[in-house]
Amino acid sequence: MLAAGPVFDAYVMVDWSAETRPKTGPDSIWWTCLERGPHGVVERATANPATRAEAEVQLADLLGDLAARGLTVLAGFDFN
């Protein structure tokens with residue numbers, strides 16, 4: 001039997017608990033990106049953007065970079 005290797009190269013998780021006004025901290029948008037490296041999975045970036053628009057730009061840039069590098073990504077979104 002062959003041992004299964006890692007399925008994903010990166011993991012992006014987003015908590016989309018945002019209000020309509022700019023806000024950071026509790027009850028706001030948070031996202032994190034973990035990336036598999038030679039020594040296991042490490043945190044690449046975490047952010048708490050103040051607005052939905054800012055989060056969309058950051059996530060589009062992040063996911064675009066991961067895709068451009070040919071990485072397989074598991075992305076999870078928690079919408080309220």
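Scanning segment 47-80 for residues that are closer than 23 Å to Lys23 by Cβ, in a strand (DSSP E or B) and open to solvent by 60 Å² or more (accessible area, probe 1.4 Å) gives Phe77, Asp78, Phe79. Entry remark, segment 16-44: residues being touching a residue at least 12 places away in the same chain (Cβ under 8 Å) and out of contact with any Asp or Glu (no Cβ under 9 Å at 6 or more places or on another chain) number 3 in total. Look at (1) under 17 Å from Val73 (Cα atoms); (2) within 10 Å of the chain's Cα centre (by Cα) and you find that Arg36 fails only one, number (2).
Could you check, for segment 22-35, whether at least one of its residues is of a type in the set (D, E, K, R), outside any strand (DSSP E or B) and within 19 Å of Ala10 (Cα to Cα)?
no
If you check Asp9, Asp78 for being touching a Lys or Arg at 6+ places or on another chain (Cβ under 9 Å) and not aliphatic (A, V, I, L, M), only one passes: Asp9. Residue by residue through segment 4-33, note down the ones that are on the phi > 0 side of the Ramachandran plot and either under 13 Å from the mean Cα position of the chain (by Cα) or surrounded by 10 or more Cβ atoms within 10 Å (Cβ to Cβ) (or both). Selection gives Asp27 alone. Of the residues making up segment 6-21, those that are not hydrophobic (A, V, I, L, M, F, W, C) and not in a loop (DSSP other than H, G, I, E, B) are Tyr11, Asp15.
The values are calculated or read from the model by the stated rules, or taken from the named source; none is laboratory data. These numbers come from a predicted model, not from an experiment. All Cβ positions, even for glycine, are placed from backbone atoms using ideal geometry, and neighbour counts span all protein chains on display. Note: areas computed on protein heavy atoms with side chains; ligands, DNA, RNA excluded. Shrake-Rupley method; radii C 1.70, N 1.55, O 1.52, S 1.80 Å.
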